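Working notes, structure below.
The values are calculated or read from the model by the stated rules, or taken from the named source; none is laboratory data. Values in this document were obtained by computation on a predicted structure and should not be read as measured data. All Cβ positions, glycine included, derive from the backbone under ideal geometry; neighbour counts span all protein chains shown. To get the accessible areas, we keep the full protein, side chains included, count just its heavy atoms, and leave off ligands, DNA and RNA. Shrake-Rupley method; radii C 1.70, N 1.55, O 1.52, S 1.80 Å.
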Amino acid sequence: MSVAQEKALVFLLTVAPLVVVALWSLFATQYSITPSKAILLLYYLLYVYAVRWIADPYLRLLGFLHLPRPSDRSFIFGNTGPILQDPHGRQTFSTWIDTIPNSGIIYFSGYFYAFHNVLLTTPEALQDVLVSNSYDWEKSPSLRKLLARTIGRGLVTVEGAEHKAQRKSVNPAFSGKHIRDLVPLFWSKSQDLAKVIADKLDVVCSEPTAGNEGKEGRTGIVEINQWASRATLDIIGLACVGRDFGSIYNSNDEFIQQYNKIVKTDNGGSILSMVLDTLSIILPIHVARWMPFSSRIREASDGRLVEVKRRDMETESEKQIDILSVLIRSGQFSDDGLVDQLLTFLAAGHETTSSALTWSCWLLAINSGVQDRLRAELRGYFAHSNDLTITAASLENLPYLDAITNEQLRVMPPVPVSSRAAIRDTTILGQHIPKGSHVVFSPWAINRSKKLWGPDAEDFKPERWLSDGQGGLGGSKSPLSLLTFLHGPRSCIGQAFTRAELKCLLAAMVLKFKMHMADPSEVIEPAGLLTIKPKNGLRLRLTEL
């Protein structure tokens with residue numbers, strides 16, 4: 001059945017009963033609407049609903065029946081039963097990709113077969129969706145509305161022509177030259193982090209290590225996740241708005257307090273506060289901006305940051321390099337628009353890098369040989385220098401540090417799964433995909449696919465990025481085999497920023513501490529709503545070097 005025939009049949013099923021009832025009432029007045037007929041009307045509405053959400057989707061299913069799909073399915077849950085038991089579908093999607101024979105597409109249905117989903121499994125299929133036909137696909141409207149009421153209409157939440165215009169205006173803030181200029185800032189705050197953590201260690205020890213024999217250091221157990229969150233928030237504050245929040249020293253800054261109310265899931269406020277915060281999510285954006293949930297953060301950011309930044313730019317002769325200054329100079333954004341972009345970069349840049357640093361420390365703590373080799377590379381690089389300063393040029397001359405960050409971002413991507421909805425009829429690898437269908441791509445599953453990365457795909461193996469002739473692909477055959485930052489027009493605009501920041505933070509930690517698990521038998525479980533972090537935090541034993 002063609003798409004046109006399908007639409008005609010659904011239209012006929014929906015309209016025909018109503019036409020019959022209307023004509024009957026017109027020519028037979030004894031059948032005019034009475035209270036009892038109201039029940040008939042209710043039945044008809046239920047009928048229309050059933051046609052719309054069951055018959056129509058089922059007919060659409062006919063166009064997917066020839067595609068590979070999981071064998072486990074039920075009428076109620078479709079193929080989503082295993083996903084309900086598997087957060088983000090990490091293991092489910094990995095198993096499907098590696099065990100179900102397919103040529104790039106796997107079909108799976110949602111509840112009552114009413115939701116059609118396509119899982120992308122090859123670089124070629126990803127190329128079609130993320131690059132070639134990227135604007136045929138958009139984020140879920142409900143997700144975009146929720147995010148827009150939290151962080152505004154920034155790059156993450158807008159689509160289509162508005163996204164193209166914003167991306168063009170924001171690009172200069174993330175150019176290669178601009179990121180290189182920010183590396184000294186990254187390194188300075190990374191050293192501050194290491195020093196503050198060292199001061200928190202409470203046990204003096206004299207563990208002999210290469211380079212500091214006989215030197216007494218300190219040791220202690222530290223929850224790394226909270227420190228990673230504080231450090232990355234300070235860095236994004238300086239890089240975004242030129243303001244040091246000082247959260248590694250304290251969290252009393254008004255902006256930090258209001259920002260934390262957005263990114264944290266717990267809410268200990270009053271019932272009235274909870275009602276108002278809920279309304280700020282439900283109401284239209286232009287109204288929600290002035291509800292307490294949004295207005296508090298906007299007062300702290302707009303009134304304190306944008307206004308002060310404009311004044312500083314007028315009075316200071318030295319050109320400021322933070323992202324907010326670049327956006328103000330572009331002249332493309334209103335004050336509300338600037339705050340939207342600011343909150344977007346704060347949320348996206350802070351959460352993803354914080355997650356990446358936490359997982360990097362965990363991987364090094366359980367792979368002591370990798371940690372020792374990285375420390376040796378860093379010490380060797382600085383052996384003939386009295387100044388432990390890292391610049392952009394330094395990062396380019398530390399290949400093992402680069403390999404470790406690449407491998408960490410591969411095996412533990414901060415955002416493990418993403419999806420898009422077709423806003424028009426389109427195709428993937430020649431397969432017709434009707435409007436309204438959903439496509440799912442899992443960075444976790446693609447990055448760990450044995451078909452793309454070989455039999456050791458699940459292993460943390462930085463050496464795969466050092467092989468000659470790989471062109472930075474880590475042994476894979478396509479750049480799209482690494483999906484951490486996506487690809488195409490909707491790829492992460494801040495990926496170079498994140499990589500440089502992560503390298504500086506990791507280098508500072510490895511030079512300052514030897515890292516071990518506080519409890520070697522502890523099983524670390526990934527968890528999180530959008531980004532993944534250790535479910536119960538990450539407790540490491542750090543020994544100062």
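Data table
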| item | result |
| --- | --- |
| Residue, modelled with the lowest pLDDT, within the range 303-326, restricted to residues that are farther than 20 Å from L343 by Cβ and of a type in the set (S, T, Y) | S317 |
| Selected residue [touching a Ser or Thr at 6+ places or on another chain (Cβ under 7 Å), within 22 Å of C492 (Cα to Cα) and open to solvent by 40 Å² or more (accessible area, probe 1.4 Å)] from V440, V415 | V415 |
| Candidate set from the range 528-543 (those that are open to solvent by 30 Å² or more (accessible area, probe 1.4 Å) and not basic (K, R)); member that is nearest to A393 (Cα to Cα) | L530 |
| Residues of the range 88-125 classified as among the hydroxyl-bearing types (S, T, Y) and not in a helix (DSSP H, G or I), total | 5 |
| Unmet criterion (only one of (1) in contact (Cβ under 8 Å) with a residue 12 or more places away in the chain; (2) closer than 24 Å to S132 by Cα) for L473 | (1) |
| Boolean, T543 is touching a Phe, Trp or Tyr at 6+ places or on another chain (Cβ under 7 Å) and either touching a residue at least 40 places away in the same chain (Cβ under 8 Å) or not charged (D, E, K, R) (or both) | yes |
| Yes/no for G472 being surrounded by fewer than 22 Cβ atoms within 10 Å (Cβ to Cβ), closer than 27 Å to A392 by Cβ and under 25 Å from the mean Cα position of the chain (by Cα) | yes |
| Options S476, S467, S481, S449: the member that is hydroxyl-bearing (S, T, Y) and touching a Pro at 6+ places or on another chain (Cβ under 7 Å) | S481 |
| Pick from the range 475-503, criterion of a type in the set (K, R) and within 30 Å of D234 (Cβ to Cβ), ranking: surrounded by the fewest Cβ atoms within 10 Å (Cβ to Cβ) | R499 |
| Odd one out for L185, checked against (1) open to solvent by 20 Å² or more (accessible area, probe 1.4 Å); (2) of a type outside the set (D, E); (3) modelled with pLDDT of 95 or more | (3) |
